[in-house]
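Heads up, the thing below is written out as C-alpha cells.
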Amino acid sequence: MQEVWRPDGGPSVADEVAAALGYEVHHAWTARAIVKPKCQIVGRTGGSEGDGDWGQALLTRVPTGPVTEQRLSGFLMDATDRTVLKTEVDLDGTTLTVCGSHLPHLEHMSPLLRWRLRDVIPERHEPAVLMGDFNMWRWVARFVAPGWKDTVRGATWPAHRFPVFQIDHMLATPPMLATDAEVVHTGKSDHLPIRARLSLR
C-alpha cells in the first residue's frame with residue numbers, strides 16, 4: 001500500500017485494514033504530512049512538521065522472512081524519502097522475493113532508478129516481484145527494471161475521473177508466471193488497485 005497515513009498518536013490506515021482482515025503489517029515512513037484541507041507533504045521523515053507520518057506498508061497473511069527497508073536517494077527536488085520494502089516468502093519450496101515501493105515522478109529524474117535499483121532488487125533470473133505506484137508509464141517502468149515483465153495492463157489513474165494512464169505496476173522476473181491479472185474498479189483512492197496471481201513456471 002502506498003501513501004499510507006498515520007496521524008500522530010493514532011493507528012495508520014494500514015493498521016486498520018490489517019486488523020479488520022487478519023494481516024500482518026510492516027510500515028516504512030517516508031515523510032511528514034497533513035491531510036486537511038488536502039493531502040500535502042510538509043517535511044522529512046522524523047521531523048516535527050505536520051500532523052502525522054506518510055509512507056507505505058506491506059501487508060501479508062503468509063509467513064515471511066525479515067522485512068527490510070532499503071532507501072533510494074539522489075532524486076532532484078523530491079520531498080519524499082523513497083524506499084523499497086522487501087521480504088521473502090516460500091513458494092513451492094522456492095524463495096520468492098517480494099518488493100514494494102512508491103517511486104518518484106519523472107520530474108524528479110525517476111529514470112535514474114535504472115541504476116539506483118540495481119543493488120536493491122533481485123537479479124532477473126531469481127523469482128521476484130516488484131509492485132507499487134511507480135508514477136511512470138509502462139515503458140519507463142521496464143526501462144528502470146530491465147528484463148522484468150509487466151503483469152497487469154490497464155489504466156489506473158485518475159480513478160475519480162476516467163482512468164487514462166497506467167502508473168501502478170506489478171513487475172515480475174522471467175521465472176514467474178502471472179495469471180488473473182487485472183485492474184480492480186473499486187475503492188475511493190485516486191488510483192485503481194491492481195492484482196495478479198503469481199506462480200513459478
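The values are calculated or read from the model by the stated rules, or taken from the named source; none is laboratory data. These numbers come from a predicted model, not from an experiment. Because the Cβ atoms are built from the backbone with ideal geometry, glycine has one as well, and the counts that use them run over all protein chains shown.
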Is the stretch 137-146 home to any residue that is part of a strand (DSSP E or B) and either farther than 21 Å from Asp15 by Cβ or aromatic (Phe, Trp, Tyr) (or both)? no
What tally of residues in the stretch 18-51 results from selecting those that are closer than 30 Å to Val89 by Cβ and part of a strand (DSSP E or B)? 8
Could you go through the stretch 183-196 and let me know if any residue there is out of contact with any Gly (no Cβ under 7 Å at 6 or more places or on another chain), among the hydroxyl-bearing types (Ser, Thr, Tyr), modelled with pLDDT under 95 and surrounded by 12 or more Cβ atoms within 10 Å (Cβ to Cβ). yes
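Conditions tested, residue by residue: (1) touching a residue at least 12 places away in the same chain (Cβ under 8 Å); (2) not hydrophobic (A, V, I, L, M, F, W, C).
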residue: Met1; (1), (2): yes, no
residue: Gly9; (1), (2): no, yes
residue: Ala20; (1), (2): no, no
residue: Cys39; (1), (2): yes, no
residue: Thr45; (1), (2): yes, yes
residue: Trp54; (1), (2): yes, no
residue: Leu76; (1), (2): yes, no
residue: Ala79; (1), (2): yes, no
residue: Thr87; (1), (2): yes, yes
Pairs needed: first member in the stretch 102-115, in contact (Cβ under 8 Å) with a residue 24 or more places away in the chain; second member anywhere, acidic (Asp, Glu) and not in a loop (DSSP other than H, G, I, E, B); C-beta distance under 6 Å; at least 6 residues apart or different chains. His102/Asp133
Go through Phe134, Phe165 for me and flag whichever is among the aromatic types (Phe, Trp, Tyr), in contact with a strand residue (DSSP E or B) (Cβ under 9 Å, 6 or more places away or on another chain) and closer than 23 Å to Leu59 by Cα. Phe134
For the stretch 164-182, which residues satisfy the criterion of being surrounded by fewer than 19 Cβ atoms within 10 Å (Cβ to Cβ) and part of a loop (DSSP other than H, G, I, E, B)? Val164, Pro174, Pro175
Is it the case that the stretch 132-144 has a residue that's more than 17 Å from Leu171 (Cβ to Cβ) and surrounded by fewer than 15 Cβ atoms within 10 Å (Cβ to Cβ)? no
